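Any read-out appearing in this document is the output of simple, stated calculations on the displayed coordinates, not a laboratory observation. On a predicted model such as this, the values are computed, not experimentally measured, just so you know. Cβ atoms come from the backbone with ideal geometry, glycine included; neighbour counts cover every protein chain shown.
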Amino acid sequence: MRRSLFIIIIALCLGGCGIYSFSGTSIAPDVTSITVFNIENRAMRINPQLSNTLTEGLKDKYRRQTKLRLLNDGGDLIVEGAITSYETASIAVTAQEVAAQNRLSVTVKIVFTNIKYPKENFEKSFAAFEDYPSTSSLDAVESSLVESIVEKLTEQIFNETVANW
């Protein structure tokens with residue numbers, strides 16, 4: 001009985017703080033909305049779907065893992081940015097000097113603005129990559145690589161903006 005009561009009191013105290021949540025976010029209680037602007041594609045090499053995939057991935061992440069309302073404009077938090085790099089490179093070479101592995105890398109520069117708490121504002125680049133065998137063409141594996149890279153980037157950006165890890 002005492003143990004149950006103690007657990008309930010602790011849970012209420014933690015919940016009453018309003019800043020911490022069990023989802024891993026640390027959003028002040030007076031921050032209620034977020035605007036995610038379209039992530040522009042400014043890379044030299046363009047994947048036509050990447051901008052939309054990344055933007056929608058971010059919106060979905062905030063929608064699923066926070067209680068923030070998603071607004072088209074005027075949110076308490078603002079996420080905007082640009083894809084600055086989308087490139088492939090050989091990373092492993094065989095004894096015959098032939099590429100054995102290739103790497104697709106994506107870098108995105110994010111500008112985060114917290115209207116209510118400007119000390120949390122930042123401008124930062126995030127990068128993610130996926131390797132693939134040189135026996136596969138980029139066209140054949142690109143969609144699955146991009147899906148995995150976008151998942152990594154959205155996790156990094158989410159953690160930096162609202163999880164404060």
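Can you tell me the length gained on complete extension of the stretch residue 138 to residue 101, counting 0.36 nm per residue apart and subtracting the Cα distance? Walk me through the numbers before you get to the answer.
Details: separation 37, 0.36 × 37 = 13.32 nm, distance 1.14 nm.
Length difference between fully extended and current span is 12.2 nm.
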For region 146-158, what does the Karplus curve 6.51 cos²θ - 1.76 cosθ + 1.60, with θ = phi - 60°, yield as ³J(HN,Hα) per residue in whole Hz, taken in order and with x for Gly and Pro?
4, 4, 5, 5, 4, 4, 5, 5, 5, 5, 4, 5, 4
Taking the simple approach of a point 7 Å from Cα along Cα-to-Cβ for both residue 65 and residue 122, what is their distance in nm?
1.4 nm
Separation between the residue 147 and residue 92 pseudo-spin-labels, each 7 Å from Cα along Cα→Cβ, expressed in nm?
2.3 nm
